[in-house]
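Participant: Handing you this structure, nothing more for now.
The values are calculated or read from the model by the stated rules, or taken from the named source; none is laboratory data. Fair warning: this is a prediction, and the values are worked out from it, not measured in the lab. Backbone-built Cβ (ideal geometry, glycine too); neighbour counts: all protein chains shown.
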Amino acid sequence: MTWIAAVARLRARREPGVLVTVAAVRGHAPRDAGAKLVVGRTGTWGSIGGGNVEAVAIDRAREMIATLKPEPELMEFALNDKVTNQHGVQCCGGQVSVLLEPLPVVRAVAIFGVGHVGLELARVLARQDLDLHLVDSRSDLLSKERLDVLADAVAQVHTHHTPLLPEEVLEEMPHGTHVLIMTHDHAEDAALCDAALRTPHLGSIGLIGSAAKWARFRKRLSEEGGHDNAAIHRIKTPIGLADITGKEPATIAVSVAADLLRTFEADAT
């Protein structure tokens, strides 16, 4: 498997990893600059030459994978018999610089309701490196022709047509998925809010709508759903930046996206 395919596999499986690259070579070394190795929690793909250099790089990569916020690192190796090595001697005579770059699990966002605002929001979020899930009970809103505006997306876009119970998709969402609820049907929104609060592996939960809508939902979640105030408080509404008051779909989308990116920043601190 090529290193590119290995990186893609880790992303698809939502597993962290480290890309190891021979950054520079001086003198003789097992591999030339540019050689790559991908390290996952349990597997490796590719090679930077084997021996002590590769073994030490794999050990350090696994330590980075276990770290909360790893940073890229540059490691230097002298290949001679005078150096005490952890995994045996390499006497090629040269020096090697190895760059280790973390491959974190990307964030996931699910938009429930791909109407005017939902589609505009998808267009904004599609420019981010994340897994973007678009969920709607109306198949025509998820047609290829309508979503062609996302053809050049940086994000990995996944569509989910849910004609009956869109809330069931919540169980399928990756761990930590940020959920944005903005369907065409208030009853559907209410069911999604209830189901989201019963799905513990999700990230933030946002609901579009007015104060009057939220007052009805809050009462229903408490009296019919049996959720306590702490659980209900997980739902943020209204979503978006308070000082952006425009009602055009694109304006709302930019506001909601900016608010979500601010949540990402807060999570990273």
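Participant: For Ala78, indicate whether it is modelled with pLDDT of 90 or more, of a type in the set (Gly, Ala, Ser) and assigned by TED's automatic domain parsing to the domain that holds Val98.
Facilitator: No: the conditions fail for Ala78.
Participant: Within region 46-64, which residues are assigned to a helix (DSSP H, G or I), touching an Asp or Glu at 6+ places or on another chain (Cβ under 9 Å) and within 19 Å of Arg9 (Cβ to Cβ)?
Facilitator: Met64
Participant: Now, a different point. Applying the selection to region 24-45, what residues are modelled with pLDDT under 95 and assigned to a strand (DSSP E or B)?
Facilitator: Ala24, Val25, Arg26
Participant: Would you be able to say whether some residue in region 245-261 is in the same structural domain as Leu125 (by TED's automatic domain parsing), on the phi > 0 side of the Ramachandran plot and either at pLDDT 95 or above or under 23 Å from the mean Cα position of the chain (by Cα) (or both)? Steps first, please.
Facilitator: Going residue by residue through region 245-261, those that are in the same structural domain as Leu125 (by TED's automatic domain parsing) are 245-261.
Checking which are on the phi > 0 side of the Ramachandran plot leaves us with none.
No, every residue in region 245-261 fails to be in the same structural domain as Leu125 (by TED's automatic domain parsing), on the phi > 0 side of the Ramachandran plot and either at pLDDT 95 or above or under 23 Å from the mean Cα position of the chain (by Cα) (or both).
Participant: With Val56, Val7 as the choices, which residue is out of contact with any Ser or Thr (no Cβ under 9 Å at 6 or more places or on another chain), more than 30 Å from Asp131 (Cβ to Cβ) and modelled with pLDDT of 90 or more? Before you say what the answer is, go through the steps one by one.
Facilitator: Working: Val7 fails: more than 30 Å from Asp131 (Cβ to Cβ).
Exactly one residue qualifies, and that residue is Val56.
Participant: From (1) farther than 30 Å from Phe77 by Cα; (2) not assigned by TED's automatic domain parsing to the domain that holds Ala196, pick out the condition that doesn't hold for Val96.
Facilitator: Of everything listed in (1) farther than 30 Å from Phe77 by Cα; (2) not assigned by TED's automatic domain parsing to the domain that holds Ala196, Val96 misses just condition (1).
Participant: Going residue by residue through region 133-156, is there one that turns out to be in contact (Cβ under 8 Å) with a residue 40 or more places away in the chain, touching a Gly at 6+ places or on another chain (Cβ under 8 Å) and under 27 Å from Val105 (Cβ atoms)?
Facilitator: Within region 133-156, one or more residues are in contact (Cβ under 8 Å) with a residue 40 or more places away in the chain, touching a Gly at 6+ places or on another chain (Cβ under 8 Å) and under 27 Å from Val105 (Cβ atoms).
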